[in-house]
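Written out below as structure tokens is the structure these notes cover.
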Amino acid sequence: MLFILEIIFVIVAWNRGWKSMALIPLACVFIIGLFIGLSGATPEAYASAMFFDIIASIVLIWMSVVGKK
């Protein structure tokens, strides 16, 4: 569900003027999640992945609300 919201926020941020910069938070979270999954994930690793996911969501919400000048 959070991934769908992040995609919506990427689309909104893209239309607000951020263009390809809106893809950076989503790409970073994807790469971090990929490395955590490949490294033999523990419950602590899942918690850190969720922390990064929430940070990326906050950044995308900010990009969607503010827009690029």
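The values are calculated or read from the model by the stated rules, or taken from the named source; none is laboratory data. Since the model is a prediction, treat every value here as computed from it, not as a measurement. As a convention, Cβ positions derive from the backbone with ideal geometry for all residues, glycine included, and neighbour counts pool all protein chains shown.
Observations on the model:
- Residue identified as surrounded by 12 or more Cβ atoms within 10 Å (Cβ to Cβ), assigned to a helix (DSSP H, G or I) and of a type in the set (A, V, I, L, M) among A47, A56: A56
- Per the listing L38, L34, L23, the residue uniquely modelled with pLDDT of 95 or more and either over 10 Å from the mean Cα position of the chain (by Cα) or surrounded by 12 or more Cβ atoms within 10 Å (Cβ to Cβ) (or both) is L23.
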